[in-house]
Amino acid sequence: MPEAAAPHEALRPSRGGLVARGRLVQGLQVAAACVAPLLVLLPIGATLGQAMAGGIGPLLHELARPLVGALLANTAGLIESTMACCAILGVGVAWLIERTDLPGRRVFAALAACPLAVPPFVTSYAWLSMSPSFEGFGGALLVVATAYYPLVYLPVAASLRGMDPALEESARTLGLSPFTCFRRVVLPQLRPALMGGMLLVALNTLTEFGAFALLRFRTFTTEIYAAYRTGFSGPETAALGLVLLVLCLGCLGADFILRGRRHYARIGRGAKRAALRYELGLSKPVWVVLLVGLNAVTLGVPLAMIVFWLTQRGAAAITPAEVAPARVIGATLNSIGLGIAGTALTMLLALPLATLATRHRGWLTAGLERTGFLAQGMPGIVLALALVSVVIGTVPVLYQSDALLLVAYAILFVPLALVGIRSALVQAESRLEEAGRSLGLTWFAALRRITWPLAAPGLGAAAALVFIAIATELTSTLLLAPIGTETLATELWANGSTLAFAAAAPYAAIMTAISIVASWVLVQRYGAAPLLARQEG
Amino acid sequence: MATLQIEGLCKSFRDVAVLDGVDLDVVGGGLVAVLGASGSGKTTLLRLIAGFERVERGRIAIGGQLVAAPGLHVAPERRGVGYVMQEGALFPHLSVADNILFGLAPHARRGSGRVADLLDLVGLPQRYAPWQPHRLSGGEQQRVALARALAPAPKLVLLDEPFSALDAALRGDTRRAVAQALRAVGATGILVTHDQSEALSMGAKVAVLRRGRLVQVATPMELYRHPVDAELARFIGEAVLVPGTAAGHVARCGLGTLVIGAGPGEGPVELMVRPEQIRLLPPDTAGCAQGQVLGVTFYGHDAVVEIALAGTADTAIAARLFSRNLPEPGETVGIAVQGAVVAYPVAPSGAAPSQEPCGDPGGEKLVPRECA
């Protein structure tokens with residue numbers, strides 16, 4: 001058939017051209033996608049370089065100091081207790097909400113995700129303003145356990161919801177009582193979610209700075225900050241930073257390995273029924289009271305304390321200080337301004353990476369994306385110090401500039417943006433774009449009429465999460481903000497750490513309000529998953 | 001002693017009756033198939049027997065022991081029934097061997113021969129014992145699920161559509177392996193299915209559940225040959241239904257004069273003929289009905305020929321034939337019916353056909369079953 005052969009021949013040159021143009025576009029895309037991972041590697045390399053500057057011998061000497069041992073013991077003790085508390089609270093609350101006939105389950109489920117929206121240093125300010133006796137280990141445990149138990153609750157609850165009820169039913173017909181069934185069938189299947197959640201708890205506890213500084217509990221972060229503030233940031237500080245970084249990346253690595261074998265293969269795809277719910281019977285009121293009590297501790301008391309101090313005059317606090325409305329407005333505007341600029345930069349860096357990683361799976365893209373996720377294990381304090389040391393040695397003019405602060409935000413929150421953008425792009429499969437092209441749309445029209453409408457809500461959610469994170473960020477802001485630039489977080493920290501509780505209250509209230517309202521809207525629209533900000537698969 | 005006794009069982013969800021007075025007695029070993037379309041309540045029946053749902057009215061006794069009645073609910077783990085779920089529901093965190101031993105007491109789990117025996121019983125190789133379940137195919141998973149259910153030696157095993165998720169090739173093998181294993185241990189099986197051929201080929205008896213009621217419990221042969229009403233006839237295999245007039249043991253209809261095997265009577269009836277009873281003859285054969293071929297669907301081993309019956313306005317019938325010498329569409333053919341047919345009385349007004357069985361062969365008119 002000669003008619004068929006002719007167009008086939010004519011097709012060849014044009015296809016070659018397309019491939020060449022495709023390669024150029026792809027090359028640019030890969031280059032753009034490399035920026036974020038390189039930025040993430042920069043502070044890691046700088047920290048390593050600083051600590052190793054004097055060679056391996058002096059580093060080992062620094063690491064052998066009793067201070068390192070004391071900090072390790074302090075941190076390990078707190079992390080163990082926090083993980084245990086979070087595991088018990090997280091699994092217990094998830095079980096009550098997902099598997100029993102507890103009244104008001106929906107309200108309790110929404111409340112259980114809320115503590116994630118309140119930064120722990122705000123909570124610690126609230127407890128401290130109630131009584132100075134919350135200083136030290138007990139207060140630190142209270143603050144981080146109540147702040148982070150949702151990190152266990154959310155994945156465990158999702159895992160309970162996703163569990164095939166047929167497994168529990170099979171176990172029951174094989175003669176297991178409900179309790180034995182929980183121990184032998186449910187708990188083993190919860191293990192991946194539980195372990196993943198507990199590692200996140202450990203990671204967050206390791207990187208937390210503000211809460212521990214306010215509560216005068218000594219960990220690596222507070223020690224590094226103190227050394228930096230006293231101008232004593234030599235090799236000792238770098239060694240501490242290195243230990244902290246290794247611990248954090250260790251948690252991240254463990255989580256990554258765990259996630260590799262995380263999902264027990266769900267066997268079969270059967271039509272799913274709703275899971276069994278156990279009847280609480282006579283003990284029902286007891287459980288309701290316990291849950292109400294838990295929420296009073298996690299949310300009620302901190303919020304009530306903030307409201308209480310809002311109504312007090314400055315003299316009522318230990319350190320009398322008045323609130324200047326101009327300062328509050330200035331700090332709010334700064335937080336919002338930095339939040340918007342930082343979000344824009346973060347999204348700009350994360351978009352090409354996430355697009356590449358979702359549309360072209362391969363070792364290169366997977367490696368780039370994982371490098372981006374390393375930032376999850378980057379304590380703000382280590383990042384800030386590393387960036388300071390890098391710019392002072394190379395472009396000193398950037399030191400204490402807005403630009404450097406924005407770069408720090410972008411590095412810190414690139415993982416958050418990646419998770420959000422990825423789930424948005426999954427909504428807009430490339431298959432749909434192809435269908436559009438086959439219906440005669442140009443690539444731009446396909447982008448405008450198919451990809452954008454599908455991905456836009458998810459991208460908006462990702463940007464909103466990054467914005468909340470930046471607007472409430474304390475550590476890097478404290479170290480990197482230009483002199484005279486105060487944000488809500490730094491003002492709260494300054495007033496809180498000098499025990500001027502009434503003066504701190506407006507900042508705490510505005511931050512909490514922004515954070516809770518925005519998180520609530522997000523959770524209502526997208527569920528709690530974005531709050532966990534975890535890499536999928 | 002009956003293995004399973006069910007009396008007047010009722011269950012509704014959100015005021016919608018799912019089971020509405022089900023009675024079923026199962027005596028001795030063998031497999032009873034509960035056949036029903038989706039939404040007929042068959043899975044609910046199984047879950048009530050297993051103890052995952054509470055009964056509203058009625059009673060369930062297993063091995064002579066009352067396990068469920070209003071105000072009485074024996075927990076699932078104390079009923080001693082095996083349950084094989086639709087997708088096997090193997091525990092993903094345990095090996096095949098640990099899955100099989102799951103329901104045994106700790107001291108019984110230590111015996112090494114138990115896993116080997118049970119793998120043998122369901123026809124799986126011994127090397128599967130240490131494997132994780134996801135490495136097995138769907139059919140193999142179902143066999144492990146059966147081995148797990150049989151391990152505590154239950155007298156009664158409930159099977160909830162265990163073959164529906166398998167592809168056709170695996171289904172046959174798995175069915176045979178399951179039937180054989182149940183026979184070998186002498187357990188009674190209750191198999192719930194929506195697949196007529198599965199129910200007919202596997203069940204020693206078939207109970208048909210329709211809109212929450214059992215409409216007929218019979219051997220597969222009896223069920224296929226003498227379904228109690230026209231709706232059931234259409235549900236169990238294909239049925240050709242032709243209006244006619246009965247006079248005792250014969251009836252006249254568009255297909256000629258036919259012998260009534262079940263449901264003789266007088267007056268207007270609906271006659272049920274299976275497509276494989278219909279034979280095609282040369283059109284000029286004396287005394288036979290005639291029709292025009294509308295279409296032929298070829299299946300390989302046989303074929304179905306659609307025929308418009310001559311002399312009637314819109315009666316199309318289907319004939320299932322060997323796939324040799326098939327007629328062409330448009331051809332005129334002669335039609336003959338082999339064997340007896342089943343008659344269902346039609347209300348004189350021509351309203352919907354009665355749901356009630358119209359009696360056994362040899363009875364008069366609308367004689368109730370017990371009077372025959």
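The values are calculated or read from the model by the stated rules, or taken from the named source; none is laboratory data. Computed from a predicted model, the values in this text were never measured in an experiment. Positions of Cβ are generated from backbone atoms using ideal geometry, with glycine treated the same way; all protein chains shown enter the neighbour counts.
For B:Asp120, work out the one condition from (1) touching a residue at least 24 places away in the same chain (Cβ under 8 Å); (2) more than 14 Å from every other protein chain (Cβ to nearest Cβ); (3) of a type in the set (Asp, Glu) it doesn't fulfil.
Of the numbered conditions (1) touching a residue at least 24 places away in the same chain (Cβ under 8 Å); (2) more than 14 Å from every other protein chain (Cβ to nearest Cβ); (3) of a type in the set (Asp, Glu), the odd one out for B:Asp120 is (1).
Checking B:Gly80 against (1) modelled with pLDDT of 90 or more; (2) in contact with a strand residue (DSSP E or B) (Cβ under 8 Å, 6 or more places away or on another chain), which single condition isn't satisfied?
Among (1) modelled with pLDDT of 90 or more; (2) in contact with a strand residue (DSSP E or B) (Cβ under 8 Å, 6 or more places away or on another chain), B:Gly80 violates only (1).
Where residues in the range A:374-417 are more than 23 Å from the chain's Cα centre (by Cα) and of a type in the set (S, T, N, Q), which of them is nearest to A:Leu242 (Cα to Cα)?
Looking at the filtered set, the residue picked out is A:Ser389.
Name the residues in the range B:273-290 that are more than 33 Å from the chain's Cα centre (by Cα) and either surrounded by 16 or more Cβ atoms within 10 Å (Cβ to Cβ) or in a strand (DSSP E or B) (or both), would you?
Residues satisfying the conditions are B:Leu281, B:Pro283, B:Cys288, B:Ala289, B:Gln290.
Conditions (1) crowded, with 16+ Cβ neighbours inside 10 Å; (2) more than 13 Å from chain A (Cβ to nearest Cβ); (3) more than 13 Å from B:His194 (Cα to Cα); (4) charged (D, E, K, R), marked per residue:
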residue: B:Leu31; (1), (2), (3), (4): yes, yes, yes, no
residue: B:Val34; (1), (2), (3), (4): yes, yes, no, no
residue: B:Ala37; (1), (2), (3), (4): no, yes, no, no
residue: B:Lys42; (1), (2), (3), (4): yes, yes, no, yes
residue: B:Leu46; (1), (2), (3), (4): yes, no, yes, no
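Which residues, counting only those in the range A:500-537, are at pLDDT below 85 and either part of a loop (DSSP other than H, G, I, E, B) or touching a Phe, Trp or Tyr at 6+ places or on another chain (Cβ under 9 Å) (or both)?
Passing the criteria: A:Ala518, A:Gly527, A:Ala528, A:Ala533, A:Arg534, A:Gln535, A:Glu536, A:Gly537.
Filtering the range A:258-281 down to residues that are loosely packed, with under 13 Cβ neighbours inside 10 Å and more than 18 Å from A:Arg99 (Cβ to Cβ), which residue is modelled with the highest pLDDT?
Out of the qualifying residues, it is A:Gly260.
Which ones in the range A:425-445 are in contact (Cβ under 8 Å) with a residue 40 or more places away in the chain and of a type in the set (Gly, Ala, Ser)?
Start the filter on the range A:425-445 by keeping residues that are in contact (Cβ under 8 Å) with a residue 40 or more places away in the chain, which leaves A:425-426, A:430.
Matches in the range A:425-445: A:Ser430 only.
Within the range B:311-333, track down each residue that is modelled with pLDDT under 80 and among the small types (Gly, Ala, Ser).
Hits for the range B:311-333 are B:Gly311, B:Ala313, B:Ser323.
Hey, among A:Pro120, A:Pro115, A:Pro132, which residue is under 23 Å from A:Leu303 (Cβ atoms) and touching an Asp or Glu at 6+ places or on another chain (Cβ under 7 Å)? Show your work before the answer.
Numbers: A:Pro115 fails: touching an Asp or Glu at 6+ places or on another chain (Cβ under 7 Å); A:Pro132 fails: touching an Asp or Glu at 6+ places or on another chain (Cβ under 7 Å).
Result of the check over A:Pro120, A:Pro115, A:Pro132: A:Pro120.
All but one of (1) buried (at least 21 other Cβ atoms within 10 Å of the Cβ); (2) touching a residue at least 40 places away in the same chain (Cβ under 8 Å) hold for A:Pro165; which doesn't?
Every listed condition holds for A:Pro165 apart from (1).
Each row is one residue, and each column tells you yes or no for (1) hydroxyl-bearing (Ser, Thr, Tyr); (2) more than 21 Å from A:Arg23 (Cβ to Cβ); (3) in a helix (DSSP H, G or I).
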| residue | (1), (2), (3) |
| --- | --- |
| A:Ile329 | no, yes, yes |
| A:Gly339 | no, yes, yes |
| A:Thr343 | yes, yes, yes |
| A:Leu368 | no, no, yes |
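Please enumerate the residues belonging to the range B:169-187 that are in a loop (DSSP other than H, G, I, E, B) and buried (at least 16 other Cβ atoms within 10 Å of the Cβ). Walk me through it before giving the result.
Narrowing the range B:169-187 to residues in a loop (DSSP other than H, G, I, E, B): B:186-187.
If the condition is that a residue be in a loop (DSSP other than H, G, I, E, B) and buried (at least 16 other Cβ atoms within 10 Å of the Cβ), then B:Ala187 is the only one that fits.
Tell me, yes or no, whether the range B:38-46 has at least one residue that is touching a helix residue (DSSP H, G or I) at 6+ places or on another chain (Cβ under 7 Å) and at pLDDT 90 or above. Break it down stepwise before answering.
Start the filter on the range B:38-46 by keeping residues that are touching a helix residue (DSSP H, G or I) at 6+ places or on another chain (Cβ under 7 Å), which leaves none.
Checked against the condition, which is being touching a helix residue (DSSP H, G or I) at 6+ places or on another chain (Cβ under 7 Å) and at pLDDT 90 or above, the range B:38-46 yields no hits at all.
Return the residue satisfying two criteria in turn: it lies in the range A:20-54 and is small (Gly, Ala, Ser) and not in a helix (DSSP H, G or I), and of such residues it is surrounded by the most Cβ atoms within 10 Å (Cβ to Cβ). Give the derivation first.
Going through the range A:20-54, the residues small (Gly, Ala, Ser) turn out to be A:20, A:22, A:27, A:31-33, A:36, A:45-46, A:49, A:51, A:53-54.
Narrowing further to those that are not in a helix (DSSP H, G or I): A:53-54.
Values: A:Ala53: 13, A:Gly54: 15.
So, considering only residues that are small (Gly, Ala, Ser) and not in a helix (DSSP H, G or I), the one surrounded by the most Cβ atoms within 10 Å (Cβ to Cβ) is A:Gly54.
What are the pairs, 6+ residues apart or on separate chains, where a residue within the range A:380-392 that is free of Cβ contacts under 8 Å to residues at least 24 places away in the same chain has its Cβ under 8 Å from a residue that is among the aliphatic types (A, V, I, L, M) and in a helix (DSSP H, G or I)?
That search, which allows pairs on different chains as well, returns A:Val391/A:Leu398; A:Val391/A:Leu404.
Inside the range A:116-212, counting only helices (runs of 4 or more DSSP H) that do not spill past its ends, which hold 1 or more residues that are within 14 Å of chain B (Cβ to nearest Cβ) and more than 27 Å from A:Glu491 (Cα to Cα)?
On the way: elements: A:120-130, A:137-162, A:165-173, A:178-181, A:187-207.
The qualifying helices (runs of 4 or more DSSP H) are A:137-162, A:165-173, A:178-181, A:187-207.
Only one of A:Leu303, A:Leu333, A:Leu310 is among the hydrophobic types (A, V, I, L, M, F, W, C) and surrounded by 15 or more Cβ atoms within 10 Å (Cβ to Cβ); which?
Working: A:Leu333 fails: surrounded by 15 or more Cβ atoms within 10 Å (Cβ to Cβ); A:Leu310 fails: surrounded by 15 or more Cβ atoms within 10 Å (Cβ to Cβ).
A:Leu303 is the lone residue from the list that is among the hydrophobic types (A, V, I, L, M, F, W, C) and surrounded by 15 or more Cβ atoms within 10 Å (Cβ to Cβ).
At pLDDT 90 or above, under 30 Å from B:Glu238 (Cβ atoms) and touching a Phe, Trp or Tyr at 6+ places or on another chain (Cβ under 7 Å): is that true of B:Leu119 in this structure?
On the way: at pLDDT 90 or above: yes; under 30 Å from B:Glu238 (Cβ atoms): no; touching a Phe, Trp or Tyr at 6+ places or on another chain (Cβ under 7 Å): yes.
So B:Leu119 fails the test.
Being of a type outside the set (D, E, K, R), under 19 Å from B:Val157 (Cα atoms) and touching a Leu at 6+ places or on another chain (Cβ under 7 Å) is the filter here; which residues of the range B:36-60 pass it?
Step one: list which residues in the range B:36-60 are of a type outside the set (D, E, K, R), which gives B:36-41, B:43-46, B:48-52, B:55, B:58, B:60.
Applying the additional criterion that residues be under 19 Å from B:Val157 (Cα atoms) yields B:36, B:41, B:43-46, B:48-52, B:60.
B:Gly36, B:Gly41, B:Thr44, B:Leu45, B:Leu46, B:Leu48, B:Ile49, B:Ala50, B:Ile60, listed by residue number.
Among the numbered criteria (1) more than 30 Å from A:Val201 (Cβ to Cβ); (2) part of a loop (DSSP other than H, G, I, E, B); (3) not hydroxyl-bearing (Ser, Thr, Tyr), which single criterion is violated by A:Ile392?
So the condition that A:Ile392 fails would be (2).
Each row is one residue, and each column tells you yes or no for (1) at pLDDT 90 or above; (2) surrounded by 24 or more Cβ atoms within 10 Å (Cβ to Cβ); (3) within 13 Å of chain A (Cβ to nearest Cβ).
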| position | (1), (2), (3) |
| --- | --- |
| B:Gly58 | yes, no, no |
| B:Gly63 | no, no, no |
| B:Gly71 | no, no, no |
| B:Gln86 | no, no, yes |
| B:Leu104 | no, no, yes |
| B:Gly111 | no, no, no |
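Regarding B:Leu166, is this residue within 13 Å of chain A (Cβ to nearest Cβ), under 22 Å from the mean Cα position of the chain (by Cα), in a helix (DSSP H, G or I) and among the hydrophobic types (A, V, I, L, M, F, W, C)? Give the derivation first.
Details: within 13 Å of chain A (Cβ to nearest Cβ): yes; under 22 Å from the mean Cα position of the chain (by Cα): yes; in a helix (DSSP H, G or I): no; among the hydrophobic types (A, V, I, L, M, F, W, C): yes.
For B:Leu166, the condition - within 13 Å of chain A (Cβ to nearest Cβ), under 22 Å from the mean Cα position of the chain (by Cα), in a helix (DSSP H, G or I) and among the hydrophobic types (A, V, I, L, M, F, W, C) - is not met.
Do we have B:Ala149 as within 12 Å of chain A (Cβ to nearest Cβ) and at pLDDT below 90 here?
Values: within 12 Å of chain A (Cβ to nearest Cβ): yes; at pLDDT below 90: no.
Criteria not met by B:Ala149.
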